[in-house]
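To start, the structure under review is shown below, and the notes come after it.
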Amino acid sequence: MNANMGSLRDLMTAWAVMTALALTPAALTGDPAGGQAEAATPATTLVFDKNPDDPTDSTLSVHRGGRLRATYRAGSGLGVQDDCARAKGWMPDGNWRIRSRTRTYDGNLIKGYAVHLQDMTCSRGTLTRTEMFIHSETNRDGSTGRSEARRWDGAGDYQSNGCVKLSPADIEAVFRLLDRIGWPTHLRVVS
């Protein structure tokens, strides 16, 4: 990626964070004596920035009050940039509501640490992407398994059926960080 593209991606990520902050209702507390209102706890935002050069080498970043707190390598899809390609295309851009989160998810394909996201229509409106998560490859209890679907082998494991996929160590770090600073209500996806 050349320097100009890197700068453009940085600007787009900053724009996504500011948009997510604008979409988060600001909690204000007023001074009954008529003084200045002050902002309550700053908002936490989660941004997945898709890398068009390599969708399996994208980033998931955590921001708090507009300040970058952490960045993790993440992937989405099987290298296909078409967000309307079922079970192989990357995640559609947009503001995805977080439905739930757990450390012990027990789905057919996904186990362990998982953040379940809302369903969303792809960019052309031809397909609704369902069963979308932020997850890794582990057993239900978060431990490493022996089969390929439960064992993290390296860079090739950032591929997914369209979900945001992190390494086991990184998804655990995301959960610890968000438990400490506060969970966002949405995941903002940008490309």
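The values are calculated or read from the model by the stated rules, or taken from the named source; none is laboratory data. Fair warning: this is a prediction, and the values are worked out from it, not measured in the lab. Neighbour counts are summed over all protein chains in view; Cβ atoms, including those assigned to glycine, are modelled from backbone coordinates with ideal geometry. In case anyone asks, the SASA skips ligands and DNA or RNA and just uses the protein heavy atoms, side chains included. Shrake-Rupley method; radii C 1.70, N 1.55, O 1.52, S 1.80 Å.
General observations
- Residue within the range 112-127 that is out of contact with any Lys or Arg (no Cβ under 8 Å at 6 or more places or on another chain), assigned to a loop (DSSP other than H, G, I, E, B), within 16 Å of SER58 (Cα to Cα) and in contact (Cβ under 8 Å) with a residue 12 or more places away in the chain present: no
Condition check ((1) polar (S, T, N, Q); (2) over 18 Å from LEU117 (Cβ atoms); (3) in contact (Cβ under 8 Å) with a residue 60 or more places away in the chain) across all residues:
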{"site": "THR138", "(1), (2), (3)": "yes, yes, no"}
{"site": "ASP153", "(1), (2), (3)": "no, yes, no"}
{"site": "VAL164", "(1), (2), (3)": "no, no, yes"}
{"site": "ASP170", "(1), (2), (3)": "no, no, yes"}
{"site": "ARG176", "(1), (2), (3)": "no, yes, no"}
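- Residue in the range 156-173 that is open to solvent by 20 Å² or more (accessible area, probe 1.4 Å), over 18 Å from the mean Cα position of the chain (by Cα) and either under 22 Å from LEU46 (Cα atoms) or not hydroxyl-bearing (Ser, Thr, Tyr) (or both) present: yes
- Criterion applied to ARG103, ARG97 was being under 27 Å from ALA173 (Cβ atoms), open to solvent by 10 Å² or more (accessible area, probe 1.4 Å) and in contact with a Leu (Cβ under 9 Å, 6 or more places away or on another chain), and the one residue passing it is ARG97.
- For THR41, the conditions (1) open to solvent by less than 60 Å² (accessible area, probe 1.4 Å); (2) hydroxyl-bearing (Ser, Thr, Tyr); (3) not in a strand (DSSP E or B) are fulfilled apart from (1).
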